Structures are given as structure tokens and as C-alpha cells.
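Visitor: Okay, handing you the structure first.
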């Protein structure tokens, strides 16, 4: 666990660059992480997904892709278009949540 | 008379019925269990069937014999739960059961129908699963005859029942094909939607080498969109493909359809409940236990067992208007078969990831946490007897329901052994 400064905010991140505390997140941080992930601009659709995930996080963990599609009404294809290559992990990181995990 | 109705006579439902039959006054309460089948399956045993370690007889018993006297069993299919009217409608036989309190323990089911191409002409030919009795038996027949090739194990999406079972399957397959003398002709591949086979930091560190040593390749972050059964390919949403000769899939897991029909479930038909007490936030007389509940812990018999321990203590207070004092902490422990007569053991809860150490006696064991040993393997095999004769009957196991940190080695504690393993 290390601290990192994103857009002037000091946050704790884990080895993979995920925020450790969802409370330290804000929209400016989200935009900066999105750029690191290769998403130059967050559109209203991106924000819809990010907000839904934050509202439906359990134990600070992002919901699974299937829960996101059911909850937002977007298709999995659309999610892959919005967050290319691994939307579950990317959304989690941009939304300041933990990635979906198994039990080991 | 007050009526407690339990939907589902699996691990959680049977334990709840048997425990409460001893705790509730029979002059004041009726306890009724509804299940569509007469047969109780020991689901952890399904894993061993494809490799000929267990036979059918090892994993089935007539459900009726497993209930304590005083528990009424009704064979029937739940059509819909009318939570407002506190009634459950059964189809086959058509019947209405009123309740004062309802426990939903209808489990999780594999749904190969949810992935296009999976359940078509190649189903149970080159595409198999081992999460059902029929599936495990069909795969046993297939593996007996298989001459080798590329065996792909894939998880469609999480959560799944017994999340470690796909890894166990691969490690047992490595051993099995060695025994058959064809390991050099078999390629073993694990395709997962997660970031790796192990996602928790310590487990990844301590166990990451296992799969590599056994020659099991991992394809991470692969979200299956469909199967092409003729070309024998898994196709992901981002157009990645993995070819196979034999696919052993873990289909999407969903809660019972009756949950969806009753409007009580989430996107996957699991019932949202309080993670410490299992009480529905919408209906103060409905609880959900075991795999049926949408909880952030493993869908596993051990989690159900520890959950039931907390639940029954709470329930006898709750019905008298008292506060529920026991808080379930997400405790689960799972044996992980790793082949060649060895196994691992993990013990964890909502907040504590699997750690290395000894269990159940700190420093002694005999079981080893996050570390392969023969003792763990024997523990896993002995567990079947415990399941039928102790757990389901609702007898107490000498294990606390809450997870304990005693015996676990955390960073800076536990001495050299852990340092050595982790290095």
C-alpha cells in the first residue's frame, strides 16, 4: 500500500493502482485514472456506469459485469466499447472501488 | 401454532430445520420443509466423480431420512412466494402454504442455457460440467475414454458455488492424467473472468506457483460471450478466442426461478439480505440462507453451516421480539484438493483474506492453512462422513462459527516459516 498524489489529492492505492478507500475518491480523480486507462474523456454514459457501481458496491467491491448490465440497462458489448479490454476491472479502478475478487 | 416454512432441503435448509426442531417448542411451532426432489445430494462430492474417486452412491441419500422427527417434509415445486399475504404457492402438487416466518434456502443452480452455444448439439459430448449429479457422471464416462488433447476449464461469471472447485478440478485432472499415463498428451487451461486464478494478495503469493508447477495455463480476464460448439471455441465479448478439445465449463450460477417470479431477487435471482442476520430488508418475516442469499462470502456449505449457527440463535430471540445478537462474519473454510493425495485449506471471512497458519488448533493443526498437506486431503475425505452424520443432523461441531485469528500467521508474526513460504 502506498500513497499517491492524483490531481493534487493524496490517496492510498494498492499495488495495482486501485484506491484503497472509496471515500477518498472524487470526480477529478476518476477523470485522471480514466486517462491512465486510455479513456480520454468520460461521457455521460461512462458516468452512468461509474455512479451505478459506486451506489451498488458491496464491501467497497465493484459489482460484476452482469450486475452492471442488469442495473444500468447497458449491454455487455456496450460496456466493452465504453471501457475497452476488461470493463469490470477498469470501471472498478475509475470508480475508486476494489476489483471483483474470488475467495482466494 | 406458529408456522416456520423452509424452502429448500439442501445443506442450509436441512440444518436449519433440524437445529430449530430442537430449539422451538413443538407445541407452539410447526416446521415444514419444501423441496422438489426426494434426493439429497452431497454436492462437494460431485468434484470427485469425474475422476472415479467417488461413485453415485457416495453422494446421494433419500432426503426424508435426514430430517429430525417433528419436521414435516413436502415434496413440491415452489411456484411463487406471495410475501405480502405470507403464503407460498406450490405447483405440482398445487397447494398453498401459509407461513409466519419464511426461510428461503433454494440454493444456486448452474444455467448453461444462459450462454449461447453451450447447451446445443455438443452438450455432454465435448462440452461438460461437474456441478450437477448428471453432469459429473457424464464427465466421468467422458474422461474414462478420452485420449488427450486440450482440456479447458472455464468460469462464465462469478459468483459461483464453491469458487475453488474449478481449480481443484484442474489439479485433480493433472493427477488423473498422470495416473492414466497420458499427461504428456493433455494441455490444461483455466479461463477465468477474474484477473487471475488467485485474486487475494497472499493466496496469489503463496499459491501462484502451484498451477505453474502442474503445467496449468491461466487465461485471465476472459468474459465468455458465446461458445462455438462446431469450431470448439470459447468467444469473449472483446473477440478473444480460446480453442478446446474438451470444455469443462462452470456455467452461470443463478438463484431459483421462483425467486424471480416472486420479485424477491437481484439480477441473478439471489435474495438480498442483511449480511450479518440474513433478514430481508423489505419483509420482516423472510430470511434467506445458504447459496440462495446474495452475500459477499463464498457460496459454500461451510459458509452455510457457520451462517446457520448464527441464524438459529438469532431466530429464537427474534420471534420473541428480542434483538438479534449474533452477527455472522462471513466465515467460511474450504479444502482445496491439489492432486497426488494432498490438499490445501483456507479459512476466511468478510474482512480477513485467507492467511497461512494451522487449523483448528493454533500452532498444531493438524490441518495446514494456505499450504499443501496430506492431512488436509484426509480432512476433505473424512468430511463427507461428518456432513451426513453430524452437520445435516444439526449436531454441534467443535468449531466456532466466528472466524478466529488464533493460529493464523500475519505479517511480522508467526516466525520464519511464513517468511520462508512467502519469500
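The values are calculated or read from the model by the stated rules, or taken from the named source; none is laboratory data. No experiment lies behind these values; they were computed from the predicted model shown. Note: ideal-geometry Cβ built from the backbone for every residue, glycine included; neighbour counts use all protein chains shown.
Visitor: For residue A:60, indicate whether it is surrounded by fewer than 18 Cβ atoms within 10 Å (Cβ to Cβ), within 8 Å of chain B (Cβ to nearest Cβ) and in contact with a helix residue (DSSP H, G or I) (Cβ under 8 Å, 6 or more places away or on another chain).
Guide: no
Visitor: Test of understanding: among B:345, B:369, which residue is within 13 Å of another protein chain (Cβ to nearest Cβ), touching a helix residue (DSSP H, G or I) at 6+ places or on another chain (Cβ under 6 Å) and at pLDDT below 95?
Guide: B:345
Visitor: Follow-up. For the range B:160-215, how many residues meet the condition of being in contact with a helix residue (DSSP H, G or I) (Cβ under 9 Å, 6 or more places away or on another chain), closer than 12 Å to residue A:102 by Cα and touching a residue at least 60 places away in the same chain (Cβ under 8 Å)?
Guide: The qualifying residues number 5.
Visitor: When you go through B:224, B:155, B:218 one by one, which is the residue that is farther than 20 Å from residue B:136 by Cβ, touching a residue at least 60 places away in the same chain (Cβ under 8 Å) and not assigned by TED's automatic domain parsing to the domain that holds residue B:295?
Guide: Criteria check complete, one pass: B:224.
Visitor: Restricting to the range A:72-87, and then to whatever is more than 7 Å from every other protein chain (Cβ to nearest Cβ) and assigned to a helix (DSSP H, G or I), can you tell me which residue is farthest from residue B:236 (Cα to Cα)?
Guide: A:72
Visitor: Follow-up. From B:312, B:271, which residue is touching a helix residue (DSSP H, G or I) at 6+ places or on another chain (Cβ under 8 Å), more than 12 Å from every other protein chain (Cβ to nearest Cβ), in contact (Cβ under 8 Å) with a residue 60 or more places away in the chain and surrounded by 22 or more Cβ atoms within 10 Å (Cβ to Cβ)?
Guide: B:271
For every residue, the table says whether it meets (1) at pLDDT 90 or above; (2) more than 29 Å from residue B:206 (Cα to Cα).
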| residue | (1), (2) |
| --- | --- |
| B:379 | yes, no |
| B:384 | yes, no |
| B:389 | yes, yes |
| B:401 | no, no |
| B:411 | no, no |
| B:414 | no, no |
| B:422 | no, no |
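Visitor: Of the numbered conditions (1) surrounded by fewer than 19 Cβ atoms within 10 Å (Cβ to Cβ); (2) within 14 Å of chain B (Cβ to nearest Cβ), residue A:39 fails exactly one; give the number of that condition.
Guide: Condition (2) is where residue A:39 drops out.
Visitor: With the checklist (1) part of a loop (DSSP other than H, G, I, E, B); (2) more than 12 Å from every other protein chain (Cβ to nearest Cβ); (3) surrounded by fewer than 23 Cβ atoms within 10 Å (Cβ to Cβ); (4) in contact with a helix residue (DSSP H, G or I) (Cβ under 9 Å, 6 or more places away or on another chain) in hand, flag the one item residue B:135 doesn't pass.
Guide: Result: residue B:135 fails condition (1) only.
Visitor: Restricting the range B:191-222 to residues that are more than 12 Å from chain A (Cβ to nearest Cβ) and in contact with a strand residue (DSSP E or B) (Cβ under 6 Å, 6 or more places away or on another chain), which is surrounded by the fewest Cβ atoms within 10 Å (Cβ to Cβ)?
Guide: In this case the residue turns out to be B:217.
Visitor: Here are the criteria: (1) outside the structural domain of residue B:258 (by TED's automatic domain parsing); (2) farther than 30 Å from residue B:225 by Cβ; (3) under 25 Å from the mean Cα position of the chain (by Cα); (4) outside any helix (DSSP H, G or I). Tell me which single one residue B:181 does not satisfy.
Guide: (3)
So that you can scan it fast, the table gives a plain yes or no per residue for (1) in contact (Cβ under 8 Å) with a residue 40 or more places away in the chain; (2) in contact with a strand residue (DSSP E or B) (Cβ under 7 Å, 6 or more places away or on another chain); (3) surrounded by fewer than 23 Cβ atoms within 10 Å (Cβ to Cβ); (4) within 24 Å of residue B:306 (Cβ to Cβ):
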{"site": "B:12", "(1), (2), (3), (4)": "yes, no, no, yes"}
{"site": "B:27", "(1), (2), (3), (4)": "no, no, yes, no"}
{"site": "B:67", "(1), (2), (3), (4)": "yes, yes, yes, yes"}
{"site": "B:83", "(1), (2), (3), (4)": "yes, yes, yes, no"}
{"site": "B:105", "(1), (2), (3), (4)": "yes, yes, no, yes"}
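Visitor: Take the residues in the range B:319-342 that are touching a strand residue (DSSP E or B) at 6+ places or on another chain (Cβ under 8 Å) and farther than 27 Å from residue B:380 by Cα, then tell me which one is surrounded by the fewest Cβ atoms within 10 Å (Cβ to Cβ).
Guide: Once the filter is applied, the top-ranked residue is B:319.
Visitor: Quick one: in the range B:227-255, which of the residues that are out of contact with any strand residue (DSSP E or B) (no Cβ under 7 Å at 6 or more places or on another chain) and in contact (Cβ under 8 Å) with a residue 40 or more places away in the chain is farthest from the other protein chains (Cβ to nearest Cβ)?
Guide: B:230
Visitor: Looking at (1) touching a strand residue (DSSP E or B) at 6+ places or on another chain (Cβ under 9 Å); (2) part of a loop (DSSP other than H, G, I, E, B); (3) surrounded by fewer than 17 Cβ atoms within 10 Å (Cβ to Cβ), which one does residue A:96 not meet, given that it meets all the others?
Guide: (3)
Visitor: Something else about it: Having 2 or more residues that are under 19 Å from residue B:271 (Cα atoms) is the bar; report the strands (runs of 3 or more DSSP E) wholly within the range B:40-128 that clear it.
Guide: B:77-82, B:87-91, B:101-104, B:108-110
Visitor: Continuing with the same structure: Out of curiosity, is residue A:91 within 23 Å of residue B:254 (Cβ to Cβ) and either at the interface with chain B (Cβ under 10 Å from one of its Cβ atoms) or not in a loop (DSSP other than H, G, I, E, B) (or both)?
Guide: Against the criterion (within 23 Å of residue B:254 (Cβ to Cβ) and either at the interface with chain B (Cβ under 10 Å from one of its Cβ atoms) or not in a loop (DSSP other than H, G, I, E, B) (or both)), residue A:91 qualifies.
Visitor: Tell me which residues, restricted to the range A:1-28, are out of contact with any helix residue (DSSP H, G or I) (no Cβ under 9 Å at 6 or more places or on another chain) and not in a strand (DSSP E or B).
Guide: Selection gives A:1, A:20, A:21, A:23, A:24, A:26, A:28.
Visitor: Residue B:246 is checked against (1) touching a helix residue (DSSP H, G or I) at 6+ places or on another chain (Cβ under 8 Å); (2) modelled with pLDDT under 95; (3) not assigned by TED's automatic domain parsing to the domain that holds residue B:18 and fails just one. What number does that condition carry?
Guide: Of the numbered conditions (1) touching a helix residue (DSSP H, G or I) at 6+ places or on another chain (Cβ under 8 Å); (2) modelled with pLDDT under 95; (3) not assigned by TED's automatic domain parsing to the domain that holds residue B:18, the odd one out for residue B:246 is (2).
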